[in-house]
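The values are calculated or read from the model by the stated rules, or taken from the named source; none is laboratory data. What you see is a predicted model, and the numbers here were worked out from it, not measured in a lab. Here Cβ is always computed from backbone atoms with ideal geometry, including for glycine, and neighbour counts include all displayed protein chains.
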Amino acid sequence: MFLKNPKTLQHLLLFGPPGSGKTTSAGWLVEQIWANRKSLMCISMNAADERSLESIRQKVFPFLRVDWRTETETAPRFLILDECETLTEAAQLSLQTILNSDPKDICVILICNSQSRIHPKLRQRLLKIRYDPPSHRNNAVTNGEMDMFTAITRGDLRQHLRKSEMELRIWNYIHCHPSEIPAIIQDSQVDIHTIISEIMLLADMFSILDNVLIDRINLIYPLIVDSTLLHTETDKQVLNLITAFKAKFDRLFDC
């Protein structure tokens, strides 16, 4: 819509869960407008790394003072602040001055996971666009069951690059022989946190997440944090977690 009718362009607040396409959309919009001049016409910052008022003063305001557009170029320049909910209150409020600018001259795009953490004085001056992850219904398999990959990744589009690896792990959690479980843990491509998260989400999906599994998970986290402990003990507890999950899953479908 903004490309077809640039007069509709406004300062934007893109919000929604991680991996739903917010940052990609903002970058795509700027690239469509400025192509190979994007680096001159857009400043993009990750506020999680540069969250202070001083960062805004040192990087954003100098960009605003220098305009590289020619007389024939009328498209706006862009300021993109990703993860802007991590900005301090003072840094957020400093953006009010920029929001006074005509978005057809300087267009501000703020990106965050939750708009509730953006100062109300900013929210009321931005066009808010909510991004949702892909619907489970849209990813249903033919028999009407939920797409397991979409459910576990909660619609995070970035995870599709690792879809085949995750689907293999899911299959192994459920179907592999007990003697093959150590190979899952020893895979250098996946960390313990990922295994725990996937097991927990799978158990929740099939309604078998109970105190027994939660207690086993709680045994593992202190082992991960304490770097002085041997990996063998951590591996042993993760193996016990996967084995316990498989046993509960098998009982569920045996019934």
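Quick rundown of the values:
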item	result
Complete set of residues in segment 159-177 that are farther than 18 Å from LEU252 by Cα and of a type outside the set (Gly, Ala, Ser)	GLN159, HIS160, LEU161, ARG162, LYS163, GLU165, MET166, GLU167, LEU168, ARG169
Residue identified as crowded, with 17+ Cβ neighbours inside 10 Å, touching a Pro at 6+ places or on another chain (Cβ under 6 Å) and touching a residue at least 24 places away in the same chain (Cβ under 8 Å) among CYS107, CYS84	CYS107
Conditions (1) surrounded by fewer than 17 Cβ atoms within 10 Å (Cβ to Cβ); (2) without any contact (Cβ under 8 Å) to a residue 40 or more places away in the chain: number failed by PRO17	(2)
Any hit, segment 1-8, residues being of a type in the set (Phe, Trp, Tyr) and either under 15 Å from ILE118 (Cβ atoms) or buried (at least 19 other Cβ atoms within 10 Å of the Cβ) (or both)	no
Members of segment 10-31 that are touching a Pro at 6+ places or on another chain (Cβ under 6 Å) and modelled with pLDDT of 90 or more	GLN10, HIS11
Residue satisfying all of: in segment 62-73; touching a residue at least 12 places away in the same chain (Cβ under 8 Å) and either of a type in the set (S, T, N, Q) or closer than 17 Å to MET45 by Cα (or both); surrounded by the fewest Cβ atoms within 10 Å (Cβ to Cβ) among these	LEU64
When residues of segment 117-130 are limited to those that are surrounded by fewer than 19 Cβ atoms within 10 Å (Cβ to Cβ) and within 9 Å of PHE15 (Cβ to Cβ), the one nearest to the chain's Cα centre (by Cα)	ARG130
Tally of residues being in contact with a helix residue (DSSP H, G or I) (Cβ under 8 Å, 6 or more places away or on another chain) and outside any helix (DSSP H, G or I) across segment 188-206	3
The one condition in (1) surrounded by fewer than 16 Cβ atoms within 10 Å (Cβ to Cβ); (2) touching a Leu at 6+ places or on another chain (Cβ under 8 Å); (3) not small (Gly, Ala, Ser) that LEU29 fails to fulfil	(1)
Test for GLU180: is it at pLDDT 85 or above and in a helix (DSSP H, G or I)	yes
Test: TRP34 is within 23 Å of the chain's Cα centre (by Cα), of a type in the set (Phe, Trp, Tyr) and modelled with pLDDT of 90 or more	no
